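Scroll down for the structure; my scribbles are underneath it.
The values are calculated or read from the model by the stated rules, or taken from the named source; none is laboratory data. Computed from a predicted model, the values in this text were never measured in an experiment. Neighbour counts are summed over all protein chains in view; Cβ atoms, including those assigned to glycine, are modelled from backbone coordinates with ideal geometry. What goes into the accessible areas is simple: the full protein's heavy atoms, side chains included, and nothing from ligands, DNA or RNA. Shrake-Rupley method; radii C 1.70, N 1.55, O 1.52, S 1.80 Å.
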Amino acid sequence: MSERLGGIGKTVWSELKAPGLVPAPTTREIAAIAVQPGQAVRMWGAWHAVRSVRSERQATGGLAVVLGLDEGPSLRMPAGEPLAVRGRLPEPECAPGS
């Protein structure tokens with residue numbers, strides 16, 4: 001393979017951004033105590049939106065977190081338990097005047 005003069009023949013890559021496309025939310029692992037309403041957690045093989053978070057004492061004296069999910073039962077776990085979390089879910093768009 002021989003070099004070309006003046007840099008001719010180089011391949012250039014670019015990334016095009018399409019308006020209206022929302023990038024996939026990043027996933028991170030945090031302790032259950034740090035989860036906030038509006039985030040989504042990965043449980044039972046699916047993503048679930050968190051609508052409420054409260055803490056309570058376990059019978060052993062440790063701290064537990066109870067996550068109220070949009071679908072299914074509430075989830076009770078130790079406060080330090082790691083969870084896969086996505087950022088806040090987008091707010092639903094409301095029509096003007098509603």
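On the protein heavy atoms, probe 1.4 angstrom, tell me the percent of accessible surface of segment 33-76 carried by carbon and sulfur.
50 percent
For the pair GLU56 and ARG28, how long in nm is the line joining their label points, each one 7 Å along Cα→Cβ?
Each label point lies 7 Å from its Cα, and together they span 2.9 nm.
Can you list the residues, at least 5 places off or on another chain, whose amide H is less than 5 Å from the amide H of VAL35, using H built in the peptide plane?
Amide H neighbours of VAL35: none.
Please give the contour-minus-distance gain from TRP47 to ARG86: 0.36 nm per residue of separation, less the Cα-Cα distance, rounded to one decimal in nm.
Length gained, TRP47 through ARG86: 13.2 nm.
Order 31-39, 52-60 from most to least packed using the mean count of other Cβ atoms within 10 Å. Please report the intermediate quantities before stating the final value.
Details: 31-39: 16.2, 52-60: 10.3.
So the order, starting with the most tightly packed, is 31-39, 52-60.
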